[in-house]
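The values are calculated or read from the model by the stated rules, or taken from the named source; none is laboratory data. Since the model is a prediction, treat every value here as computed from it, not as a measurement. Reconstructed Cβ throughout: ideal geometry from the backbone, glycine too, with neighbour counts over all protein chains shown. Please note that ligands, DNA and RNA were not included when accessible areas were found on the heavy atoms of the full protein model with its side chains. Shrake-Rupley method; radii C 1.70, N 1.55, O 1.52, S 1.80 Å.
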Amino acid sequence: MVDFGFYHKRRYYHVPHLRFLAMAFAAAVAVLPAASLIVAPREEIFLVSLPHPSAAGMSPVVSDLWRWKDCVLGNGVDFFVPRVKTLRAFNSFLLGPLGAGEICEAATLSNCARMEVYLRVRWEGGECGADIPAGLAASVGTALAAQLSRSTSWGDSLTSALDVPSRIVAGHAADGADASEVARHLTPESGVENIAKRLCEISAGMALRPSRPGRPVPFRPYSSRDAHVLLQMRRAREAVATTDGRGGSGTGSGALSDIFLGAVRAGAEVRSSSLPEVREMRPYGGREAPASVASRAEVAVRAAILTPAAQEIEKNYRMAHVVEGGFTVTERITQLREKVREGVGAWAEASGVGGDSEEIRSAVQRGLHRPTVDLREGKLLEVDANEVIQRLQVELETKLGITHKK
C-alpha cells in the first residue's frame, strides 16, 4: 500500500486514506453534470398589461381597477401635477420574491389609453418556463387587487389630482377571489426586443390602444397632443423602482430605465424625422392624414427608425445588464481598456517614449478597436489583454525604432 502524507518543518505527517478520498472526490465530480456545479442566474424583461373594461369578457373587477388607475396613478392628463412618487410607490410594492426568482425592477406606464407594468425578473436555473409568467400574473394580480381593499373617504376626492404615494396599499391582504380574477385577465409578454419595439411604437404614437380595442390608431407625427406620450414615458422612467443587493430599493436606474430612454429617443426621432414619407404628412399637422399617406409613412418609420431602435436597445441591454462568466460585456470592455492602457503605458515609460504621448494613445485606441467590437457583437466572450499589449509593443517598437539591449 502506498503511503500518503506531507512534510511540515522537516517533520512528516501521515494521512491515512488520503489517496482514496482524493480519488473518490474526483470520481464524484466527474459524474456530476456541469449545471449542478455552476448555476448561472438568468433574467428576462416582462410586460403585463391591464386590459380595458370594454374588451370582451372583462369582469367588473377590471372596471374597478381601471377607475383606481385613473384616480391614483393618473390618466395622462395630469400635465402640471405628475404622479412620479405614487408610481414609484406602486412599483416598489411589486418588487420582491417570485417563486425561485425575484422581481428586481418595475416600471408602470399609466395614461388614458393603457396601464402597462414592465418587470425585470431574475431566477436561478435553466430557461424560463411557464411557471414564471404564471407567477408574474398572480403576483401583479395580487398587487392590483390589494389596491381595491383600501376603503375610500371624502378626502380622496380632494387628493385625486395630487401625487400622494400613501394611497398605494402596500401592506393589506388582497381579496383572494379578486386577485384570482385579475390574474385571469393578465397575460405576460416577454423578450427585450419585443418589449422595446412595443415601447418604441407607443412613443411614436403608433401602438394599438387598449382603451380602444379593435379600432385603428391614426399616425400623426406632428400632433402635439399625441407627442404628450413622450413626457408620460419620461415620468414613468423617473419612477422605475429597483432592488439592491441588501433588499432595499433604489430608483431611476437599471435595465428598465435604459429601455425607456431608448424608446423615448426613438419617438422623438420619429417626430423630427427627415424621411420623405414623414415630411409628406407635415401639411396635415395634428389632423389625420389620408390612409395611403399615413400608411407609407408608417412603413418607412418602422423600417428606418423603430426596428433598428428596438434592436439597438436589445443589444445595449445585453451588453450592460446580462452577466456571463461573472461580468457584463460592458464591464469586460472597461477592464480590457484599463489593462491595455496601463500595460502599454508602463512599457512606454520604461522605454523612454512617454506613456501619455499622442502616438501611444492613438496606437492603443487602434489596438482596442477590433477586440471591443468583437466583445460587443458577441463574437468573443473573453479577450486576453496581455496578447493585445504584446501586439502593440511589437508594433510600436517597429514604428518607433526601439531596440532593447540583450
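Annotation for region 254-353: trypsin sites (Lys or Arg not before Pro) lying in DSSP loop with at most 14 further Cβ atoms inside 10 Å of their Cβ are 287.
Pairwise Cα separations in region 163-307 fall into 5 Å bins from 0 onward with the following percentages, short to long: 2, 8, 14, 17, 16, 15, 11, 7, 5, 3, 1, 0. Note on residue 377/residue 351: beta-carbon distance plugged into 1/(1 + (r/R0)^6) with R0 of 35 Å gives a FRET efficiency of 0.55.
Contact order for region 215-320, expressed relative to its length and based on alpha carbon pairs under 8 Å spaced 6+ residues apart, stands at 33 percent.
Looking at region 282-365, the GluC sites (Glu not before Pro) that sit in a DSSP loop and have at most 14 other Cβ atoms within 10 Å of their own Cβ are 288. On region 101-142, 57 percent of the accessible area sits on carbon and sulfur atoms, based on a 1.4 Å probe. The Rg/Rh ratio of region 339-406, with both radii computed over alpha carbons and Rh defined as the Kirkwood radius, is 1.01. In this entry, region 160-229 is assigned a mean projected area of 7.8 nm², taken as a quarter of its C-alpha convex hull surface.
Across region 268-326, counting alpha-carbon atoms alone, Rg and Dmax equal 16.3, 54 Å.
The Cα atoms of region 255-384 define a convex hull whose projected area, averaged across directions, is 11.4 nm².
Here, region 46-104 yields an orientationally averaged convex hull projection of 5.5 nm² when only Cα atoms define the hull. Relative to its residue count, region 317-375 spans a Cα convex hull of 77 Å³ per residue.
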